[in-house]
Amino acid sequence: MKITLLNGKDFDYQSYCGFDLKVIKNSKIKKLSLRIDEKLHLPVLNIPQNYSHKKVLSFIDAHHDWIINSISRLPDICHFQNGDIFSFFGQEYTLIHAPENKTSKFENNTLKICGNIEFLHRRTTDFLKKQTLQKLSDLSIKIAKSIDCKISHLSIKDTKSRWGSCSTSGKICYNWRICMAPIGVINYLVCHEISHLKHPNHSANFWNCVQSLCPNYKEMRRWLKSNGKTLYKYA
């Protein structure tokens with residue numbers, strides 16, 4: 001990643017670091033920030049406008065070991081392949097390529113995906129996203145009803161770091177990859193976002209609401225914080 005300096009010259013941060021690095025110059029921020037994009041397996045550096053490259057390099061040097069260690073702990077990225085065993089809403093399935101089938105479907109403990117083998121990964125993710133949306137919709141509506149709340153809209157996305165969000169207008173969005181987490185973790189995430197319908201903050205009242213819906217939420221929250229990155233195994 002080359003960045004044009006104020007003097008018109010380019011500085012190649014990637015060559016300096018010795019590893020891939022995504023650099024974003026942002027005029028709206030005032031401090032340097034660094035995060036790991038678990039989906040892309042890249043450190044992301046946000047640089048304020050007109051920030052000296054000397055300070056940026058010093059910042060990178062100070063966080064060099066953290067970057068390397070964080071990237072090394074991420075699971076290898078791969079595509080869904082015939083014979084893969086994966087979890088979907090707490091149940092294990094074996095992925096089977098079934099080109100003779102007209103439609104893709106769950107059958108016993110297998111997921112049979114139709115079509116040509118070269119489209120297996122895309123067809124699998126598309127199928128799982130569709131099924132995830134339906135299951136999360138049903139679960140979210142049920143839990144929202146239990147606390148007399150309504151959802152205005154529900155969607156799923158392939159977000160980079162957030163597992164869920166809830167707007168003040170009642171729109172809820174989930175990261176589709178949560179479908180591969182343990183069922184208790186999925187339930188916690190839904191309870192978390194539904195609780196925001198009543199408490200659009202992280203106040204004591206909010207957490208009390210989460211606990212009333214999901215008594216073991218602390219354990220499930222710890223799992224997601226520690227193991228959430230493993231759900232990004234499939235690109």
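Quick note: the coordinates plus some simple rules give every number you see, no bench work behind them. Small disclaimer: the values here were computed from a predicted structure and weren't measured. Positions of Cβ are generated from backbone atoms using ideal geometry, with glycine treated the same way; all protein chains shown enter the neighbour counts.
Projected over every direction and averaged, the convex hull enclosing the alpha-carbon atoms of the range 179-235 yields 4.1 nm². Take the Cα of Ile71, step 7 Å toward its Cβ, do the same at His53, and the gap between the two points is 2.0 nm. Normalising the Debye intensity of the range 106-177 to I(0), with uniform scatterers on Cα atoms only, and taking log10 at q = 0.13, 0.17, 0.23 Å⁻¹ returns -0.49, -0.73, -1.03. Other residues with beta-carbon under 11 Å from the beta-carbon of Lys157 carry, at +1 per Lys or Arg and -1 per Asp or Glu, a net charge of +3. Evaluating kT/(6 pi eta Rh) at 10 °C and 1.306 mPa s, with the Kirkwood radius of the range 31-110 over Cα pairs in the Stokes-Einstein relation, gives 96 µm² s⁻¹. Across the range 2-72, the volume of the C-alpha convex hull divided among the residues equals 82 Å³ per residue. Positive contributions from Lys and Arg (+1) and negative ones from Asp and Glu (-1), summed over other residues with Cβ under 14 Å from the Cβ of Leu213, come out at +3. Look at the dipole of the chain built from charges on Cβ: of Leu57, Ala204, Ile68, the Cα furthest out on the positive end belongs to Ala204. Its residues counted as N, the chain yields a C-alpha radius of gyration over 2.2 N^0.38 Å of 1.21. Long hydrophobic helices in the chain: the complete DSSP H runs spanning 27 Å or more by Cα along their own axis with mean Kyte-Doolittle hydropathy of at least -1.0 are 120-146.
Averaging over all projection directions, find the projected area of the Cα convex hull of the range 77-198 and quote it in nm² with one decimal place. Don't skip to the answer; put the middle values down first.
Details: hull surface 32.1 nm².
Computing the convex hull of the Cα atoms and averaging its projections yields 8.0 nm².
Computed from the C-beta positions of Arg222 and Ser152, the FRET efficiency with R₀ = 30 Å rounds to 0.45.
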